[in-house]
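What follows is a single structure, written as structure tokens, with notes after it.
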Amino acid sequence: MISGKWLISLQCWFLLSVLPVALYGKVVLQKREMGLENFPCSECHDTLSDGAIETPIEGNHEELALKHMKRINQCTVCHSDSNSDQLKLLNGTTISFDQSHLVCIQCHGEKGSDWRRGIHGKQVGSWKDDKIRLLCSDCHNAHDPKFKQFVADPPPVRPGKHH
Amino acid sequence: MARYIRFWLNMFKESFSGSKTYYLWVGVLTALLLPGIYSYYLQLSQGLVVTNMVDQVSWGAYIANFTFLVGVAAAAVLLVVPAYIYHRDDVKEIVLLGEILAFCAMLMCLLFIAVDLGRPDRFWHIIPFIGRLNFPQSILAWDVIVLNGYLLLNMHIPGYLLYKLYRGEQPTRRYYMPFVIISIFWAVSIHTVTAFLYSGLGGRPFWNTSLMAPRFLISAFAAGPALLIIIFYLINRFHPYFRVKESVSKLLITIASVTMPINLFLLGSEVFKEFYTNSSHVASAQYLFLGLHGHSTLVPYIWTAIAFNIISTIIFVTPVLRSKTSWLLGGCLLSILGIWTEKGMGLIIPGFIPSPLGDVVEYTPSIHEFFICLAIWAFGALSYTVISKVAISIVSGRLKE
Amino acid sequence: MSENRTKEQSTNRSLEHRLSEKSGQLLNQKVKRRSFLKGAVAAGAAAVAPMGTASAFSFESFFQKHYREMTPEDKKKVFARIQRELKKEYEIEVSISDPAPISGVKFVYALNLSKCNGSRKCVTACQQENNLPADMAYITVLEMPRGTMNVEKGNRYYKGESVPKEGNYYLPVQCNHCENSPCTKVCPIEATWKEKDGIVVVDYDWCIGCRYCMAACPYEARHFNFKKPKLDASTINTSQSYLSNRVRSKGVMEKCTFCLQRTREGSYPACLEACPTGARKFGNIYDPESEVSQILKQKSVFVLKEEINTVPQFFYYFD
């Protein structure tokens, strides 16, 4: 068996070769999988059932709201049903969490192409050396992707008399 | 050299001799310097925070007074031209008083600029060749040159003539006439350049008008004669023996009777353009004349100023009224106050309101700005009184070698 | 209802947290290494500087040359003096860097107005990075009613319980680093100029504080130190550069420098890294693959007050 790590690095290599590489440095995708290291989904879920679910889900996923869109109402639209530590594309291919954007751009193609150009989304790191490109789910909650309202930082002080 | 030093010593001594009225006047002016000096000390130690200027309104009373006084300085040319070019003897007798006024006004201008600086200790950065004057790019660099140049011209011409008179010698024409000719054009240039300071800024639509320079000159040629008429009246009233001929005031009032209406006409043209076009750039004019979003500090001032200008214009153009001394002096005072308001605060402050990003922050001078301005005016009046007193003594032959 | 909102806000905060943590990790590594090196250099310089120079420094600073006339030797002395002064006043060790423009690089900023949510995170990050006192900010965020592009209709004082507010969009304005910059044109003493990489800088030690540039700027990008800036020694960013975020004195002008202390070293500006929506994009316009090049190619961008012909290098777009 090929170990998970091997698979990830293979996929990373594949992705990087496909993505346009900047003259001044390369673009590295933000990793997602590390976050799951301590609590892999497979700890609790061997498989995922593909029936429609109601939110809030009782138990450990109380916080989870499934407000993506009306017809996305089951876990297995995006999560692999056979390997809960993996995601799944619509054509059945399983992919790692590090490639979660591939799930998103199945529908959001236009945003995806903007994202690939560095227009949509956020890139950190260095503008001239290596850029770290955040994935869709770094900013959007995949289960409830619409951006929420923020509390803004304080406004400037209206100038009055200094005294 | 020793002679020259004695000349200065004699002048210095002369400045301390005078009537009780003279001492009282000089004493009052000196006293007025004190609160200003204290306020400036505070400004130096704490920064311009003691003024009411802020990021949105970054120029205030200092620059407003500066602008008006450049006009006063330029107005001296109204005596220079008839005296040196048309050889009017009555004007020739007092032309030095006009040049000294230009000199004192210039001193005040430079003081107003100096107190407006955040870092006056770095003044040497603007000295050509020693500092890094951004010439010819920056209009302020031009202003540095023309203002200081005008100061020097008006220091040299009366200075040279007075020295020669003091020594009882005939002045050599080629030592002063070329400078007189230059000073005529230079006078126009100082106010033009000062207008271009404002009108060259694309980001301030209220100032970005080609009428700015003509308005500046015309209003200077209106307020300047008015001020000279008042000064000459005061000299005739208080000076023990020297008298300015009435024909000089007649000439000046004739000039003002032409320039005052033109000034009103130019103001009207601006008002028409702003309000008839009614583009989004009208906001500043709206703030000045009508108030903007409930902010209307300047509105009463500008309407009072316009009323003053209209009343004084009527007095100046009506023979029955202007021939009466009290009416004439009243008219002169009103036109000075009117123009001072209109082209001082009435021009500078609305340029900042609303700010380029739409903020409306109002401005009124702080108590420290008030005292500093007062002190500079007092300093100007003081130096004019003293210098012209000494000059009169020399011209009338009482002070000589 | 209110419960719902607090919940939303809490998830939101966790998102912010996540974001800042991510970029923070990357940042810290960089900054730490850099400031350590600088610190070592600074310590060395301080040791070499002769004792008792403190009494002579007012003379020294009075006759200090314009930045562009300084030799490397002059710079060394000046930077050491600045370090000494800050050490004396705030008891902090700072590094004063002087990164030069990188050849072949011209900086451009692009901002997606469809994404900006008016959270002012950029404003705060900028204040921290650039050692700004609480009452000064390089970025003004305007709350604009939908249906107008006239900045004079904006409101900068909006309170942000929850932004974006219905019916508004948010327009952050900072220095546009204009090609045809009116501020540098009017400065009487060349105390402010445009660098090769497009950044408009101020020599704080040369500025006389006449505020003409402020009157000339159509974007309110310039800010004047009416008083000595009030800074908390514990929050001062000690990684400073001469032309950008070093501590300013009273009576001088200052402005956004695209964080040149960071960007000339390859980092992104602080405002970009703080932006929670990814609305801010920065990069080298000569690099065809840079985000900003891509945006200028793909999006219909515009600039503020184009009619004044200042030719800003700060572009806005909706998508």
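What follows draws every value from the coordinates through simple rules; no lab data is involved. Because the structure is a prediction, the values reported are computed rather than measured. In this analysis, Cβ positions are derived from the backbone assuming ideal geometry, glycine residues included, and neighbour counts consider all displayed protein chains.
With the simple model of a label 7 Å out from the Cα in the direction of the Cβ, residue A:130 to residue B:374 spans 6.9 nm.
Cross-link partners for residue A:70 among the aspartates and glutamates, with Cα-Cα distance under 14 Å and sequence neighbours closer than 8 places in the same chain left out: A:54, A:144. Are any of the pairs A:146/C:281; A:26/C:281; A:88/A:128 more than 28 Å apart by Cα-Cα distance, and if so, which? From A:146/C:281; A:26/C:281; A:88/A:128, over 28 Å: A:88/A:128. Here residue B:324 is the anchor, and the aspartates and glutamates within straight C-alpha reach of less than 17 Å, apart from those fewer than 8 places off in the same chain, are B:246. Taking other C-beta atoms within 10 Å as the exposure proxy, B:123, B:371, B:221, B:216 rank B:123, B:371, B:221, B:216 from fewest upward. Measuring r between the beta carbons of residue C:62 and residue B:155 and using R0 = 25 Å, the FRET efficiency lands at 0.35. At the listed q of 0.06, 0.07, 0.14 Å⁻¹, the Debye profile of the range B:2-395, built from one uniform point per Cα, gives log10 I(q)/I(0) equal to -0.24, -0.33, -1.36.
Volume per residue for the protein assembly as shown equals 193 cubic angstrom (convex hull of Cα atoms). Report for the protein assembly as shown the percent antiparallel among DSSP-assigned beta bridges with both residues inside it, nearest 5. About 75 percent, rounded to the nearest 5. Which pairs, out of C:77/C:227; A:122/C:227; C:106/C:159, put more than 32 Å between their alpha-carbon atoms? From the list (C:77/C:227; A:122/C:227; C:106/C:159), the Cα-Cα distance tops 32 Å for A:122/C:227; C:106/C:159.
Each pair of Cα atoms in the range B:306-365 enters the Kirkwood radius, and Stokes-Einstein at 25 °C and 0.890 mPa s then converts it into a translational diffusion coefficient of 187 µm²/s.
The residues C:153, B:400, when put in order of fewest to most other Cβ atoms within 10 Å, stand as B:400, C:153. Of C:248, B:174, the sequence from fewest to most neighbouring Cβ atoms within 10 angstrom is B:174, C:248. List the pairs from A:111/C:121; C:121/C:196; C:185/C:305; C:228/C:255; A:148/C:153; B:245/B:400 whose alpha-carbon separation is above 21 Å, in the order I gave them. Violating the 21 Å Cα-Cα cut-off are A:111/C:121; C:121/C:196; A:148/C:153; B:245/B:400.
Per-residue ellipticity at 222 nm from helix content only, as computed over chain B with -39500 (n - 2.57) for each DSSP H run of at least four residues, stands at -23500 deg cm²/dmol.
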